[in-house]
1. With θ set to phi - 60°, apply the Karplus curve 6.51 cos²θ - 1.76 cosθ + 1.60 along the range 56-71 and write out the HN-Hα couplings as whole Hz, x wherever there is a Gly or Pro.
2. Can you pull out the trypsin sites (Lys or Arg not before Pro) in the range 1-82 that DSSP calls coil and that have at most 10 other Cβ atoms within 10 Å?
3. Loop-only GluC sites (Glu not before Pro) in the range 26-76, please: DSSP not H, G, I, E or B, and at most 16 other Cβ atoms within 10 Å.
4. Per residue of the range 4-13, in order, report the coupling 6.51 cos²θ - 1.76 cosθ + 1.60 (Karplus, θ = phi - 60°) as ³J(HN,Hα) in whole Hz, putting x for Gly and Pro.
5. Loop-only GluC sites (Glu not before Pro) in the range 91-150, please: DSSP not H, G, I, E or B, and at most 11 other Cβ atoms within 10 Å.
6. Ranking R144, R120 by Cβ neighbours within 10 Å, fewest first, what do you get?
7. Using a Gaussian network model on the chain with a 10 Å cutoff between Cα atoms, which of L123, L13, L115 fluctuates the most?
8. Rg and Dmax of the range 9-71, using alpha carbons, in Å: what are they?
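Since every read-out is calculated from the coordinates, none of them should be taken as a lab result. All figures in this text were calculated on a predicted structure; none of them were measured in a lab. Glycine gets a Cβ as well: all are built from the backbone with ideal geometry, and neighbour counts include every protein chain shown.
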Amino acid sequence: MSKGQLFGEKAILGETKRDEFAQSIDNETSICPIGVDTMHELMRDNQTFSFKVYKFIGFKFKKLERRLQLLMFKDTKTRLLEFLDELCTEYGYDCEKTGDHVIKHPYTQKDIASLIGTSRPTLNILINELKEEKVLDFNRNEIRMYKTSA
């Protein structure tokens, strides 16, 4: 998750049993807890806010559906490349000097492997292949997607 996102939004839709949890990966995370009744009241009283919340929920479900389709129908390399594309949208910027896409992200290789449904060693093999193909360069907190790979 990133800045400004909701967590536990299914409670708004009536879910009472929690099946998710969140954990901060740094010490700069701020959390603003809001009770379900308060959230319903805010949404009832502010149509713009309500629309944004439902839009966020819709996007989250769409993203989840896309990830499920990736896991079911795509090979591991394709899942990795599409995940990197999503990361680029969320955390990326274009390098002024080279035009490459640079992604400063909070994930470990273990996290990425888990998110794309593969093992850490398989992810490492794929990253090395993509490095050799000059598609990307990868280090601890930064991924550089080379301009020529687009």
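1. Values per residue, Gly and Pro as x: 4, 4, x, 4, 5, 5, 5, 5, 4, 5, 5, 5, 5, 4, 4, 5 Hz.
2. Details: sites: K3, K10, K17, R18, R44, K52, K55, K60, K62, K63, R66, R67, K74, K77, R79; in loops: K3, K17, R18, K74.
Here the trypsin sites (Lys or Arg not before Pro) that fit, given the DSSP loop and packing criteria, are K3, K17, R18.
3. Numbers: sites: E28, E41, E65; in loops: E28.
Sparse-neighbourhood loop GluC sites (Glu not before Pro): E28.
4. These are the phi-based 3J(HN,Hα) values: x, 8, 9, 9, x, 5, 5, 5, 4, 8 Hz.
5. Numbers: sites: E96, E129, E132, E133, E142; in loops: E96, E133.
Within the range 91-150, the qualifying GluC sites (Glu not before Pro) (loop, at most 11 other Cβ atoms within 10 Å) are E96, E133.
6. Values: R144 17, R120 14.
Exposure proxy ranking, most exposed first: R120, R144.
7. L13
8. 14.0, 40
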